[in-house]
Amino acid sequence: MKAGGYTRRVLLRQLAFLGVGLGAAWWLRERYLFPKPLVEFSDGRSETAWLPLPDPAGLVELQAKVAGIPIRVVVDSGAQFSAIDRRLAARLGLQDSAFPLLAFGVSGQPSLTHTVSLDLAIGTLRLRGVRAATLELLTLSGVIRRPFAMLIGRDVLRALTVDIDWPNARMRFVRPEAFHPGPGAGVAKVRSQGGALMTPISIEGSSPVEVMVDTGATSDLALSAKTARSLGLLNGRPVTTGRSVSLGGMSEDRVVRASRVQFAGRTLKDVEVQVFTPTSPAPLPAGLLGVGILRRFRVGLDIAAGVLWLTEAAAAPGRGDGARVVLKQGP
């Protein structure tokens, strides 16, 4: 996450089940630890109304309720699984499961945790039987002065299509079979890897590199040190630093600028690139395509189908962000 110079990235990985074959471990993960939640809409429709985004330049933050308690949640396509603040889960009396997990960030040490089951309400959307890892979310997110109590990860997002209209500071949830992208929407090249949407980018004319589409990272682009070095981004160009907050605590990341980045048939100029150095054996991608780039678009995410829609939507009156998009079609 980035706010006032901070960035945050959370990834979750399940502990290995000793003595359990790969097929059985997958079944336990998908059917018991993180099953697809039951999706309902209280008004009988197939979508929520448009929900306001308080910070058009930031994360997808929404107001929600768990057991009638108002909380702030973040929609995070980069998180493999959902998570809830550990102290909040204890206060609500949510029971831990018997199976432990390891939670990884891009830096710091992994955290041992468990999961709980809960029902979540966001507007007219009701998600029943959500499984969430318990983490110190309020403490970690409080460092950047925008505390949130829950991450909505890909285990939940695979049951819905997420329609995020950044230029107009709003979003909605839609049943996948009822979703229709807006006029002018194009389908970006992506592929599904472990449930994540991976998209190819080219930096300053390089061969394509696959990065994860990540609504939980506020930077333009984040690359592992190994990837940045292989692309020549650490060879003599100016380097600044930025503080990074992840599950392992706070660390310093290097920050460089790329003169151009090609993404989805467009060329982006003067792109900030955060360079992270993993300190734990986390299952990290080569890079993350964050909100700094995605907020230029109305974005449709269908995690289950592996589809990413992009629309260069004009901002509504009073919303100036959409008019400042600096994109050029073609190579």
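Bear in mind that the values in this text are calculations on the coordinates, not laboratory data. All of these numbers come straight from a predicted model, not from anything done at the bench. Note that each Cβ is placed from the backbone with ideal geometry, even for glycine, and that neighbours are counted across all protein chains shown.
Here are a few things to note about the model shown:
- Given 226/269; 189/226; 36/189; 65/189, the pairs whose alpha carbons are separated by over 32 Å: 65/189
- Packing-based ranking of 129-135, 252-258 yields 129-135, 252-258, ordered from highest to lowest mean Cβ neighbour count within 10 Å.
- Segment residue 114-residue 40, extension gain: residue separation times 0.36 nm, minus the distance between their alpha carbons: 24.0 nm
- A Förster radius of 45 Å combined with the Cβ-Cβ distance from residue 235 to residue 50 puts the calculated FRET efficiency at roughly 0.50.
- Separation of alpha-carbon centers, the stretch 33-85 and the stretch 125-174, rounded to whole Å: 4 Å
- Cα→Cβ-extended label distance, 7 Å offset, between residue 225 and residue 187, nm: 4.0 nm
- Summary of packing: across the peptides 165-178, 216-229, the per-residue average of other C-beta atoms within 10 Å ranks them, highest first, as 216-229, 165-178.
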